[in-house]
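Data block below; observations after.
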Amino acid sequence: MEFSSKLLENAVNEMSQLPSIGKRTALRLVLHLLRQPEHQTFQLSEALSKVRSEINFCNSCHNISDKPLCEICSNPNRNSQIICVVEDIRDVMAVENTSSFKGLYHVLGGKISPMDGIGPQDLNIASLVEKVKSGKVEELIFAMSPTMEGDTTNFYIFRQIQEHNIATSTIARGVAAGNELEYTDEITLGRSIVDRIPFETSLKL
């Protein structure tokens, strides 16, 4: 792809590093921005800059937050005794959109995947185990994507907290095996949360 401007080429190259954005799509986006009023482009640039430099992660659940404690964890109307364990922030948003869960979350920041060099020490598992040890949690809901890596992560956490007096459950398998949680429709995901089953039962399925 030939460019008449080095500035345009640089902008396209940077834009094309985003997921699912090829060079042609990046070019269309950059040209679109050039056609917009200048202040709109600067507003976008400022918003992205602030997201990168000022964003926080909740000290309790590791969700994205503007404050040390996110709005979900600081909401007194949420049930703090039930924790939904998810892979990443997009899964929190997916479950919240179902309006079927009123507990708290714990974002692991990924899933155990030896093939990708990701082990338990690379995830927010230790802090989850500490929550269980505190005795303030009654149930963990494993809401990981039903993939091999997700199941491996669930089982590892289960073994870590097995000796504690706590209920463990997993979302019902209305979510198709191999699917990522964020792409599951809200009705199916909501029913999977409501119809969750004991984790130990899921090991026999």
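Key figures for this structure:
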{"quantity": "Test: CYS70 is within 18 Å of PHE158 (Cβ to Cβ), surrounded by 19 or more Cβ atoms within 10 Å (Cβ to Cβ) and not aromatic (Phe, Trp, Tyr)", "calculated": "no"}
{"quantity": "Meets criteria (among the acidic types (Asp, Glu), at pLDDT below 95 and in contact with a strand residue (DSSP E or B) (Cβ under 8 Å, 6 or more places away or on another chain)) for ASP66", "calculated": "yes"}
{"quantity": "Which numbered condition PHE42 fails, given (1) at pLDDT 95 or above; (2) hydrophobic (A, V, I, L, M, F, W, C); (3) not assigned by TED's automatic domain parsing to the domain that holds PHE158", "calculated": "(1)"}
{"quantity": "Scan of region 1-39 for residues that are basic (Lys, Arg) and within 28 Å of the chain's Cα centre (by Cα), ordered by number", "calculated": "LYS23"}
{"quantity": "Evaluation of ARG52 against (1) closer than 23 Å to SER4 by Cα; (2) exposed (fewer than 10 other Cβ atoms within 10 Å of the Cβ) (one fails), failing number", "calculated": "(1)"}
{"quantity": "Within region 112-205, helices (runs of 4 or more DSSP H) holding 2 or more residues that are at pLDDT below 70", "calculated": "186-194, 199-202"}
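The values are calculated or read from the model by the stated rules, or taken from the named source; none is laboratory data. Since we're looking at a predicted model, the values are computed, not measured. Positions of Cβ are backbone-derived with ideal geometry, glycine not excepted, and every protein chain shown enters the neighbour counts.
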